[in-house]
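What follows is a short report on a single structure.
The values are calculated or read from the model by the stated rules, or taken from the named source; none is laboratory data. None of the values given here were measured: they were computed from a predicted structure. Note: ideal-geometry Cβ built from the backbone for every residue, glycine included; neighbour counts use all protein chains shown. These area figures cover heavy atoms from the full protein model, side chains too; ligands, DNA and RNA do not enter into them. Shrake-Rupley method; radii C 1.70, N 1.55, O 1.52, S 1.80 Å.
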Amino acid sequence: MYNKINKEMETLGIFGAAIGAALATIGAAYGIGKIGSAAMDAIGRQPEAAGKVRTSMIIVAALIEGAALFAIAVCFMALR
């Protein structure tokens, strides 16, 4: 009986880690898409500020990617 419950909990843990990694990836993709959209709007309104907007966009996108990578790593570490 104990072995069956242990196996079910392990399966739920794997499922939870996969869902967590998927949500982190989807959230990062959505956030980067919103940043790109807002940056293109800003560049369209003020083309002379394109360099500063693009630099800020790249920095923020890198921070989001880093947070998403950390979240995915935590999800996979939870498997152990």
I want to confirm something. Restricting to the stretch 45-77 and keeping residues that are small (G, A, S) and closer than 30 Å to A21 by Cβ, which single residue is surrounded by the most Cβ atoms within 10 Å (Cβ to Cβ)? A68
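Being surrounded by 13 or more Cβ atoms within 10 Å (Cβ to Cβ), among the small types (G, A, S) and at pLDDT below 90: is that true of A42 here?
No; evaluated as a whole, the condition is false for this residue.
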Does any residue in the stretch 68-80 that is closer than 11 Å to T25 by Cα come within less than 6 Å, Cβ to Cβ, of a residue that is open to solvent by less than 40 Å² (accessible area, probe 1.4 Å) and in a helix (DSSP H, G or I) six or more places away or on a different chain, and which pairs are these? A68/A24; A68/A28; A71/A24; I72/A21; I72/A24
Search the stretch 1-26 for residues that are in contact (Cβ under 8 Å) with a residue 40 or more places away in the chain and within 21 Å of G66 (Cα to Cα) and pair each with any residue that is open to solvent by 100 Å² or more (accessible area, probe 1.4 Å) and of a type outside the set (A, V, I, L, M) when their beta-carbon atoms are under 8 Å apart and the residues are at least 6 apart or on different chains. A17/F76; A21/F76
